[in-house]
Every structure is written in structure tokens, then in C-alpha cells.
Amino acid sequence: MVDLSVEICGMKCSSPVAMASGNAGYGIEYQSVSGFSNQDVGAVFLKGTTLEPKLGNKPERVMESASGLLNSIGLQNPGAHEVINRYLPKLDLSQSQFIINVSGSSIEEYAEVVRLFDQTDLPAMEINISCPNVKKGGAAFGNDPEMAARVVEACRANTSKPLIVKLSPNQTDIAEGARRVIDAGADALSAINTLMGMQIDAHTRKPTLGNNQGGLSGPAIKPVALLKVHQVYQVAKQHNIPIIGLGGITSAEDAIEFFLAGASMVAIGTAVAKDPLLVKKVNKGIMAYMKQHGYQTIAEMTGLLELNTDTVLCG
Ligand SMILES: Cc1cc2nc3c(=O)[nH]c(=O)nc-3n(C[C@H](O)[C@H](O)[C@H](O)COP(=O)(O)O)c2cc1C
């Protein structure tokens, strides 16, 4: 018997496939799409939420690039109080695991948003440490292991709910970053967030994004994401910390590659915008693969990657 359900930090998820933050709104928007149900989705990571409302960056905020999407939304969101009072009451919490994505521009802001959501019925929180640290000139918290650890420590002090820390691929050593946030109190890790990039219009000689730079997502980043998940897994497995793998997933086969690299669950962002019913299709494909290869649970596949031996480190 094939069992698609996974347990992450005590949360029972009916599918190993989640919707990634920033691509699932506040869990209610997709419900108006014919054939879509949150019940098919193992977890819904809600949009990045700050303490105060944010209008986000100036346009253009989303551009296509080869096999990818470049975005600089700038964390547009209605603020934590509005999310709690207006959006959360509309969610049917029996349908999926809805996880808030906590964002901030100071350690104090992260801690306060966590304190507010600690008082809600949401089962867990994802900490988006890829946000700019205003006090440090806008460098992302997640690219500095020390700052990342301090954010997680402050969040940990304000909740006993599971904390899933979302790792930035833009840091020098993601395994070291993972180790530091685990020591600081992370219960799970998600990897990866977007890779910073730029697109230039040769005719205007200007960047196409209003913010000049943005985060690259979609199939273009999948090979990077797989390597990062593999590297993070080497640390996470020593602490029994599960990984939610993401970055460029568009099919069941992509998802399975992430399980083999070390993920216990996966999430899909960009590809869901193209096909809102994708999670259902990926569930089906994973099920078929498990039957074909004789696996009964996702856990059996996690980290099964067999590395080639006699390799050199570069190239
Ligand atoms: C339009 C857009 C908005 C996003 N907003 C957030 C966000 O608010 N918080 C966050 O942690 N990640 C955010 N992300 C990153 C995604 O959750 C995900 O980590 C990344 O896109 C890689 O997955 P994908 O290639 O499947 O999209 C956003 C991505 C996109 C494309």
C-alpha cells in the first residue's frame, strides 16, 4: 500500500507536496479555480507577512527569463494584524496545513510577528530570513549565518510552535547556515528561496525590474536547489531535522529528485502559477513512481541518492 502522507514536526500532511510561499496567496485565492482544492495540497505556505502593511516595490515586479521568473515583489502584504483578523477566519484548517511565512526588516519585527501568530490556530511558522536587514544597509539576514541565527533565536523565544527556517541559496556555505539555525532552534528547514539576479534591456540600457534586481525562480534554478538540498541534508540528518525541498519543481519526477537529495516534503511555487492544478497531478505521478519502484512511504526515499565515487571537487 502506497502512503503519500508525511509527518513534518508533528504535523500530519496528506500529501508530500506543498504550495510555496508567495505563490499561494493567503490560502483562499486558488479556491475559486475550478477543480482546485486545498485538500490535495499537503501544506499551504502563506504569503510573506510583516508587522505593518507593505505596498511592495515599484513596477515592473515580475519578468520572465529563460526557464524562470524574476520577481521583486518587495513583500507586498496587508500586515500581520490584517492577516490574522481578515484572512485566517476564512481558512478551513481541516483541509490542509496552513503555515504563515514570517518576514521582517529587523530582528524585533520577526519576533513580534511570531508572537502574534503564536496566538492563532495555525500549526507552524516558516521564517523567511531572505529579507533585507534595514539596520545593516539592506543585506539579507539569510546571507549572514550569525544574523540568521539571531533571528531564529528571537523567534524561538516567542513560540513553541514548529519553526521552519527557509534558507537562502545566496549565502556562501548553506550547510553552515543550516547548522547555525538548527542550533538556534529551527525544527525544520526549507530550501531554497530564490537566487538573486538581474535582467537588462539592451535598448533602454536599464534593468527591467523597477527594483533593479530580483529573485530568480522556476526550472532554471532546479539544479542549484538540488545541490543545496543535498548539502543541507548532510547537516540536517544528524539532527533529525526534516527538509522541505523546493526550487523549480514542475513534475512528479522533479519532486522525487528532491526526496532522493534529502527532502521529506517538497513545495512548488512558480509552476503553480502556470497550472493551478499541478499539485494534484504531481501527487498522482509520485504515487505511480512509488508503486513502480516498491516504495510505501516518502521517508523510504528521503536521502537515497547514490553519489558517484572518485570525483574531484571542482567542475
Ligand atoms: C512571485 C513570488 C513571490 C514570492 N514570495 C515569497 C515570500 O513572500 N516568502 C518566501 O519565503 N518566499 C517567497 N518566494 C519564493 C518561493 O516561495 C520559492 O522559494 C521560490 O520561488 C523557488 O521555488 P519555485 O522555483 O518552485 O518557484 C516567492 C517567489 C515568487 C516567484
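The values are calculated or read from the model by the stated rules, or taken from the named source; none is laboratory data. Computed from a predicted model, the values in this text were never measured in an experiment. Cβ: placed from backbone, ideal geometry, glycine included. Neighbour counts: every protein chain shown.
Pairs linking a residue in the stretch 26-46 that is farther than 10 Å from Gln95 by Cα to a residue that is of a type in the set (Asp, Glu) and buried (at least 18 other Cβ atoms within 10 Å of the Cβ), with Cβ atoms under 9 Å and 6 or more positions apart or on different chains, are Phe45/Glu126; Leu46/Glu126.
One residue alone among Leu46, Leu55 is modelled with pLDDT of 95 or more, within 16 Å of the ligand (Cβ to nearest atom), within 24 Å of His81 (Cβ to Cβ) and surrounded by fewer than 20 Cβ atoms within 10 Å (Cβ to Cβ), and that residue is Leu55. Among the residues of the stretch 58-70, the ones that are more than 9 Å from the ligand (Cβ to nearest atom) and either part of a loop (DSSP other than H, G, I, E, B) or among the charged types (D, E, K, R) (or both) come to 6 in all. Taking residues in the stretch 84-104 that are among the charged types (D, E, K, R), and partners anywhere that are not in a strand (DSSP E or B), the pairs with Cβ atoms closer than 6 Å and at least 6 places apart or on different chains are Lys90/Ile28. Against the conditions (1) over 24 Å from Leu246 (Cβ atoms); (2) touching a residue at least 12 places away in the same chain (Cβ under 8 Å), Lys281 satisfies every one except (1). Residues of the stretch 174-183 that are closer than 26 Å to Pro123 by Cβ and of a type in the set (Gly, Ala, Ser): Gly177, Ala178.
Restrict the check to the stretch 71-80 and report whether at least one residue is without any contact (Cβ under 8 Å) to a residue 60 or more places away in the chain, surrounded by 23 or more Cβ atoms within 10 Å (Cβ to Cβ) and near the ligand (Cβ under 10 Å from one of its atoms). Among the residues of the stretch 71-80, at least one is without any contact (Cβ under 8 Å) to a residue 60 or more places away in the chain, surrounded by 23 or more Cβ atoms within 10 Å (Cβ to Cβ) and near the ligand (Cβ under 10 Å from one of its atoms), which makes the answer yes.
Each row is one residue, and each column tells you yes or no for (1) closer than 26 Å to Ala124 by Cα; (2) surrounded by 24 or more Cβ atoms within 10 Å (Cβ to Cβ); (3) among the charged types (D, E, K, R).
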site	(1), (2), (3)
Thr172	no, no, no
Asp187	yes, no, yes
Asn212	no, no, no
Ala236	yes, yes, no
